[in-house]
Structure formats: C-alpha cells, structure tokens
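The values are calculated or read from the model by the stated rules, or taken from the named source; none is laboratory data. Quick caveat: nothing in here was measured; it's all calculated off a predicted structure. Here Cβ is always computed from backbone atoms with ideal geometry, including for glycine, and neighbour counts include all displayed protein chains. These accessible areas exclude ligands, DNA and RNA; they are computed on the full protein's heavy atoms, side chains included. Shrake-Rupley method; radii C 1.70, N 1.55, O 1.52, S 1.80 Å.
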Amino acid sequence: MEKTLPLIDSHAHLSLFPKEELENILQRAKEKNIERIINVCIDLPALEQGLFLIQKHPWISLAAALTPHDALKEREASFFSKAAEEKKLVAIGETGLDYHHHSASKESQKKLLIQTLHFAESKALPLIFHCRDAFRDLFEITKSELSSSRALLHCFTGTKEEAKEALKRGWSISFSGILSFAKNDLLKEVAAFVPLDRILIETDAPYLAPNPYRGKRNEPAYLFEVAKALALLRKESIETIATATTKNTCSFFSLKSISSQP
Ligand SMILES: [Zn+2]
C-alpha cells in the first residue's frame, strides 16, 4: 500500500471494531499517514467509548447521532447535550433518511431527523447526513427545518442533480470506497463534477472496503485507495486531492490540520 500526504478519514465507525483490535487498527492508520479520523458514534455506547478513546488519541474527533426513540430518552438527551457543550463533538450525525434499507418507517425517520436538525442547530454543530433513495424528502425537510448550511452528505451515491442541489445549499459531499469499484460510471461522473473545495473523503469503515480490499473489512488505513480513485477520475494528482480534502475536512469540522502546524 502506498503512502501519501496526510489524509483525513471524515467518516469511520471505530466502535464497530473488536475492542482488542482497535489499537492496531489506529496504528496502521497512522503508518499510512491518516492524520485525523472522524469517529461517527451511532449510539450512546459508541459515544461513551469514543469519549474514552479521544483522551488517549486527541487526533480522533467525535460525531454523534441521536438514535431512534419515540421520544429521545432523557438520559441520552442529557448525555449528548453534555458532550456537545463540553466541545467533545465536532458534528451531529450521521442522521438522515434511508428508504433503501427500510429499517424504520418513513414517518419515524423524518421525525428523528427533524429532532436532530434542531438539536444540531441548538449546539451550533454541523450535520452529517446519510441519504439513500430519499433526497426529495431530505431537501424538503431541511429547507423548512434547517437554517444552517453546514451539512455534509456522507458516502454520496446520489445523482448529479442531487449533488447540484446540495451544492446550491452550501453543503459538502463526501465520497467513499465505492468510487474505486469498477462499475460506477454515474457516480464517477458526479465525483468529477463536484468542485474540489466541497469534497471530503471517507472510508465508512468497517463497511465498504475500497478496491483492492473489496469484500474485506474496511479500516481507515485504506483511505489512500479512495483518494487514489478520486484523483484518477478527476485527472488530478493525489497530492492535490490530499491537500484539498484535508483542508476541506478541517474547515468543515472546525479542526486544525495536524500536519500543517509548525
Ligand atoms: Zn456511516
């Protein structure tokens, strides 16, 4: 595996790895010059684990998602508020709508989304959106319920029109290892079209391992393959991609680049 300028993994789920393997996984990421990881905590236990992790690894940052409950449980709500107020979170998410996997009813997904939008705005934090087959509703709801433009569409798999609409709203777009898969011409076209200053990259580990690791468990160390795929289809150098995405990610999450510090 090649090494490049520092990269930032804008989306990984570190709580989904076996605990005893995590230190090795982080070590391998460091060896591949991953200078930061945004650890997306999908529930309360993941956030609790994440809060421990960042004490030892200040190069890891946390985003956290409110999880579906009819009414957000009190303990959870106060825990999230506290983490946000103590500046332990750099974003709220992932949140959004997924009509592809049908994990919950559309109505309950929309309800949670609206609740999450309001929560993020009350904490002045940016949002990470997950959206599958639901852009119409996501755009409609955010139009009326979200005043901030600080939003990121993670693991983007939408159309060019959907990307255009997101860009118009000032949102950023993150691409995953899906870009490295052979048959994906439409998505590659979108990734070539989005202005470079609005692009972030991610692994979404442990899911979606890029080629040549497809089918295996993904990890942040493989982020280089995403950068490489993006560079290839945009006909830009990997250095250009690394510099731009690191800058964009720092700016989106209000982080300092570790590598560019004196
Ligand atoms: Zn994710």
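Contact map, the stretch 88-101: residues that are under 18 Å from Ala205 (Cα atoms) and touching a residue at least 60 places away in the same chain (Cβ under 8 Å) paired with residues that are among the hydroxyl-bearing types (Ser, Thr, Tyr) and away from the ligand (no atom under 11 Å from the Cβ), Cβ distance under 8 Å, separation 6+ or inter-chain. Pairs shown: Gly93/Thr116.
Each row is one residue, and each column tells you yes or no for (1) closer than 21 Å to Ala227 by Cα; (2) modelled with pLDDT of 95 or more; (3) away from the ligand (no atom under 16 Å from the Cβ).
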{"residue": "Leu127", "(1), (2), (3)": "no, yes, no"}
{"residue": "Arg132", "(1), (2), (3)": "no, no, no"}
{"residue": "Glu161", "(1), (2), (3)": "no, yes, yes"}
{"residue": "Ile173", "(1), (2), (3)": "yes, yes, no"}
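Between Ala209, Ala227, the distinction of being under 16 Å from His11 (Cβ atoms) and in a loop (DSSP other than H, G, I, E, B) belongs to Ala209 only. Does the stretch 200-221 hold any residues that are more than 16 Å from the ligand (Cβ to nearest atom) and either in contact with a Ser or Thr (Cβ under 6 Å, 6 or more places away or on another chain) or open to solvent by 60 Å² or more (accessible area, probe 1.4 Å) (or both), and which are they? The answer is Asn211, Pro212, Arg214, Gly215, Lys216.
Scan Ala134, Ala124, Ala65 and give me the residue that is out of contact with any Asp or Glu (no Cβ under 7 Å at 6 or more places or on another chain) and not basic (Lys, Arg). Just a single option satisfies the conditions, and that option is Ala124. Every listed requirement among (1) of a type outside the set (Val, Ile, Thr); (2) part of a helix (DSSP H, G or I); (3) open to solvent by 20 Å² or more (accessible area, probe 1.4 Å) is met by Ser148 save one, (2). Residues that are within 21 Å of Glu162 (Cβ to Cβ), of a type in the set (Asp, Glu), within 16 Å of the ligand (Cβ to nearest atom) and surrounded by fewer than 18 Cβ atoms within 10 Å (Cβ to Cβ) occur at least once in the stretch 97-114.
Residues of the stretch 1-31 being among the acidic types (Asp, Glu), assigned to a helix (DSSP H, G or I) and either open to solvent by less than 20 Å² (accessible area, probe 1.4 Å) or under 30 Å from Ser237 (Cα atoms) (or both), which ones? Let's see the steps before the verdict.
Taking the stretch 1-31 first, the residues among the acidic types (Asp, Glu) are 2, 9, 20-21, 23, 31.
Next, from what is left, pick out any that are assigned to a helix (DSSP H, G or I): 20-21, 23, 31.
Correct list: Glu31 only.
Restricting Arg217, Arg198 to residues that are of a type in the set (Lys, Arg) and closer than 17 Å to His13 by Cα narrows the list to Arg217. On inspection, Leu89 does not qualify as over 29 Å from Asn211 (Cα atoms), modelled with pLDDT of 95 or more and either open to solvent by 30 Å² or more (accessible area, probe 1.4 Å) or in contact with a Cys (Cβ under 7 Å, 6 or more places away or on another chain) (or both).
Report, by residue number, each residue of the stretch 79-105 that is in a strand (DSSP E or B) and over 26 Å from Glu140 (Cα atoms). Show your work before the answer.
Residues of the stretch 79-105 that are in a strand (DSSP E or B), as a first pass: 89-98.
Within the stretch 79-105, Leu89 is the sole residue that qualifies.
Return the residues of the stretch 134-145 that are more than 16 Å from the ligand (Cβ to nearest atom) and either surrounded by 14 or more Cβ atoms within 10 Å (Cβ to Cβ) or within 20 Å of Ala63 (Cα to Cα) (or both); say none if nothing qualifies.
Filtering the stretch 134-145 for residues more than 16 Å from the ligand (Cβ to nearest atom) gives 135-137, 139-145.
Within the stretch 134-145, Phe135, Asp137, Phe139, Ile141, Thr142, Glu145 meet the criteria.
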